[in-house]
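Encoded as structure tokens, the structure appears first; notes follow it.
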2 protein chains.
Amino acid sequence: MRDKNKMEKEKTDKKDHILDVAERVFAELGYDGASTRVISGEAGVNMAMLNYYFGSKEGVFLAIFDRRISTFQSVLLSIGNDESTSWWEKLDKYIDSYVEKVINNNCFHVMLHREISKSKKTELTDQITGIIMKNVSVLQDIVDGGIKSGEFSKDADPQFIVATVFGTKSYIVNTPHISSVIIGYDVMDAKNQDEKLKPRLKTYLKKLLKAYLQNENDNK
Amino acid sequence: MRDKNKMEKEKTDKKDHILDVAERVFAELGYDGASTRVISGEAGVNMAMLNYYFGSKEGVFLAIFDRRISTFQSVLLSIGNDESTSWWEKLDKYIDSYVEKVINNNCFHVMLHREISKSKKTELTDQITGIIMKNVSVLQDIVDGGIKSGEFSKDADPQFIVATVFGTKSYIVNTPHISSVIIGYDVMDAKNQDEKLKPRLKTYLKKLLKAYLQNENDNK
DNA sequence: TTTTATTAATCAATCGATTAATTAGTTTTG
DNA sequence: CAAAACTAATTAATCGATTGATTAATAAAA
């Protein structure tokens, strides 16, 4: 029984290792650009193991999704449902959690963003859209609630604010060659992400939204 | 002479037609996902013509770049070099020109963004990075100039502002399935783009930057 | 005639996937 | 307990299909 659990654990670890590598390679080269040979090679396993474990290349891709999605949503949803805080506090909490989560899993989100950017609708893009929309709605509801309550400016464009939050993050994380030049350090480096990028992005987004949401009336 | 010009015109039209189709297919399927057979097939020309005209698949890709970039940069560069206007006016002009240009050529920018989002460095990504940075630098210089002159807040984060401008636009244009749900109409529709999306995005970005760049001091 | 444009056929390379054979690990049996 | 039987994991080799690119032959234009 103990040995059996040990083996299953090792098997899970091995599958997880393959998915880790595949996730990175997909982010690096794109779905079509990433060959099963490169993925298996970098993971240090035989190419046939991908099909043995996940059935196909697309199976690997979907397995990456299943693994991340479950943990991705729970955190943000709890913030939206917390009735005890003000709308400003909710907004700050959302930004903190979102930036933290999304930069920790940056490879996954690069992969996600690239796939959803395909203009042709497929079953997969519909699925991804639904998943993303759940997280989008939380922020959308916070902004709408803040405006209705009078805490945020009535003249704000709540829908484009959402695009700004997700878009700013996506631009920095998804175009590392550009943003690294703009910002001045390697945004793909884990240490830079933790020590510099995360706190700076959190601070910036909060200030940006605060300026736009509370002072827009004064500028008319 | 007249016939010769006529022929060269037709040849140019044919090349342009191929590039139009290739640009759309690249945006739909990605660089790796778009085969030369599909491109030539949809363009209605023999596959070998792609190599005859452009040398290679990458040559087609770069030809699309050359065609767009030349006109794209001149407009923005002229704004950056216009010394007669204030920094606020420069910023507004830049946003107007950028939004107009980028939504008109949305296929090209989807293609561009997708390729540059590959984190692995290649000769191609280096080339794209260089091209994009020219346009980024113009906005960067405007923001930096405005801050130095005292027109913009000293506490602003000039580098992340750039990410916000390009990121907000990219999120709306590059994830049409998401943004169409958020905004409430089809962002890929040309009529919606001209009548609704462009003016709204211009107004929004100007207000957003104005609020952040001039009032941040008051919020400390 | 000479140059340019266009075609169909084909190239080697690489793709994702599968096979049969082999190893390792587990369970059953005498 | 140990040998045999069985299952799961892993490998090397190879499959047909598709990729980007090239060829030689032909058509059109100069």
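Numbers below:
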{"read-out": "Some residue of segment B:162-185 being surrounded by fewer than 17 Cβ atoms within 10 Å (Cβ to Cβ), more than 8 Å from every other protein chain (Cβ to nearest Cβ), within 26 Å of A:Gln159 (Cα to Cα) and not aliphatic (A, V, I, L, M)", "value": "yes"}
{"read-out": "In segment A:146-161, residue farthest from the other protein chains (Cβ to nearest Cβ) [restricted to those that are within 21 Å of B:Lys206 (Cβ to Cβ) and assigned to a helix (DSSP H, G or I)]", "value": "A:Ile147"}
{"read-out": "Contacts under 8 angstrom Cβ, first residue in segment A:110-122 being facing chain B (nearest Cβ under 7 Å), partner surrounded by 17 or more Cβ atoms within 10 Å (Cβ to Cβ) and basic (Lys, Arg), 6 or more apart", "value": "A:Arg114/B:Arg114; A:Ser117/B:Arg114"}
{"read-out": "In segment A:48-72, the residues that are surrounded by 15 or more Cβ atoms within 10 Å (Cβ to Cβ), within 16 Å of DNA strand D (Cβ to nearest atom) and within 14 Å of chain B (Cβ to nearest Cβ)", "value": "A:Lys57"}
{"read-out": "When residues of segment B:76-112 are limited to those that are surrounded by fewer than 17 Cβ atoms within 10 Å (Cβ to Cβ) and at pLDDT below 90, the one nearest to the chain's Cα centre (by Cα)", "value": "B:Leu77"}
{"read-out": "Segment B:25-40, residues that are more than 10 Å from DNA strand D (Cβ to nearest atom) and farther than 25 Å from B:Gly130 by Cβ", "value": "B:Glu28"}
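Condition check ((1) in contact with a Leu (Cβ under 7 Å, 6 or more places away or on another chain); (2) under 18 Å from B:Asn174 (Cβ atoms); (3) not assigned by TED's automatic domain parsing to the domain that holds A:Ala22) across all residues:
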| position | (1), (2), (3) |
| --- | --- |
| A:Ser117 | no, yes, yes |
| A:Glu123 | no, no, yes |
| A:Ile128 | yes, yes, yes |
| A:Ile131 | no, yes, yes |
| A:Asn135 | yes, yes, yes |
| A:Gly145 | no, no, yes |
| A:Gly150 | no, no, yes |
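The values are calculated or read from the model by the stated rules, or taken from the named source; none is laboratory data. These figures come from a predicted structure and were not determined experimentally. No Cβ is skipped: glycine too gets one built from the backbone with ideal geometry, and neighbour counts run over all protein chains shown.
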